[in-house]
Amino acid sequence: MTTSLVFLPSPLLGPSVWRPVAQILAGQGWHTTVGEVPSPLATGDDVFGAFRAALPLDRDLVLVPHSNAGAYVPELSMIAPVVATLFVDAVLPPLRGQMPLAPPALLGLLRNRMGDDGLLPPWTAWWDESDVGALFCNPSSRAAVEREQHTS
């Protein structure tokens with residue numbers, strides 16, 4: 001059976017964070033898929049449904065989640081032929097039960113970033129520009145990621 005790499009973006013971002021990686025690996029002969037994130041972002045069930053829809057079920061899968069997409073790995077592994085997972089700066093799901101969306105230290109930072117409407121700004125506005133700017137290889141890749149960001 002052929003193996004497919006399935007890239008799962010953070011639910012707060014979008015597929016543009018993974019497309020360049022998937023394209024490079026596809027050019028080297030890998031079968032790749034990039035999961036979508038629903039827009040507008042609604043519920044965790046909506047994210048799970050979008051990730052589930054992206055899974056090619058006719059081949060073995062290696063899931064590659066980023067950030068909170070890691071929380072979806074156990075449930076996705078129950079419905080698809082997942083043979084491995086590579087967590088990339090991703091949360092590790094608990095062995096059982098629920099988990100918080102953010103650890104206590106991050107919650108403190110996020111509370112300071114919350115607007116008067118109770119929502120957080122898009123992800124790239126959470127961090128200092130010196131940290132965020134270094135994540136992108138060029139302005140067009142940053143623009144693509146920023147277009148797909150969600151407020152939360």
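Things to note:
- Filter result for Asp45 (within 24 Å of Pro122 (Cα to Cα), among the acidic types (Asp, Glu) and modelled with pLDDT under 95): yes
- Of all residues in the stretch 109-137, those satisfying the criterion of being small (Gly, Ala, Ser) and over 21 Å from the mean Cα position of the chain (by Cα) are Gly115, Gly118, Ser130.
- Filtered by the rule that a residue be in a helix (DSSP H, G or I), over 16 Å from Pro56 (Cβ atoms) and not acidic (Asp, Glu), the stretch 74-88 gives Pro74, Met78.
- Of the residues Ala71, Ala53, the single one that is surrounded by fewer than 15 Cβ atoms within 10 Å (Cβ to Cβ), outside any loop (DSSP other than H, G, I, E, B) and out of contact with any strand residue (DSSP E or B) (no Cβ under 6 Å at 6 or more places or on another chain) is Ala53.
- Members of the stretch 9-32 found to be hydrophobic (A, V, I, L, M, F, W, C) and under 14 Å from the mean Cα position of the chain (by Cα), listed by number: Leu12, Leu13, Val17, Trp18, Val21, Ala22
- Only listed residue being in contact with an Asp or Glu (Cβ under 8 Å, 6 or more places away or on another chain) and modelled with pLDDT of 95 or more, chosen from His31, His66: His66
- Some residue of the stretch 93-115 being touching a helix residue (DSSP H, G or I) at 6+ places or on another chain (Cβ under 6 Å) and either at pLDDT 85 or above or of a type in the set (A, V, I, L, M, F, W, C) (or both): yes
- The set of residues in the stretch 1-17 that are of a type in the set (A, V, I, L, M), within 13 Å of Val82 (Cα to Cα), surrounded by fewer than 24 Cβ atoms within 10 Å (Cβ to Cβ) and modelled with pLDDT of 90 or more contains only Leu5.
- The stretch 1-11 - residue that is in contact (Cβ under 8 Å) with a residue 60 or more places away in the chain, in contact with a strand residue (DSSP E or B) (Cβ under 7 Å, 6 or more places away or on another chain) and in a loop (DSSP other than H, G, I, E, B) and, of those, farthest from Arg147 (Cα to Cα): Met1
- Scanning the stretch 18-33 for residues that are surrounded by 14 or more Cβ atoms within 10 Å (Cβ to Cβ) and in a loop (DSSP other than H, G, I, E, B) turns up Trp18, Trp30.
- The selection criterion, being more than 16 Å from Leu12 (Cα to Cα) and surrounded by fewer than 11 Cβ atoms within 10 Å (Cβ to Cβ), does not hold for Leu76.
- From the list Leu61, Leu120, the lone residue that is outside any loop (DSSP other than H, G, I, E, B) and within 27 Å of Ala144 (Cα to Cα) is Leu61.
The values are calculated or read from the model by the stated rules, or taken from the named source; none is laboratory data. If you're wondering where the values come from, they're calculated on a predicted model, not measured in any experiment. Here Cβ is always computed from backbone atoms with ideal geometry, including for glycine, and neighbour counts include all displayed protein chains.
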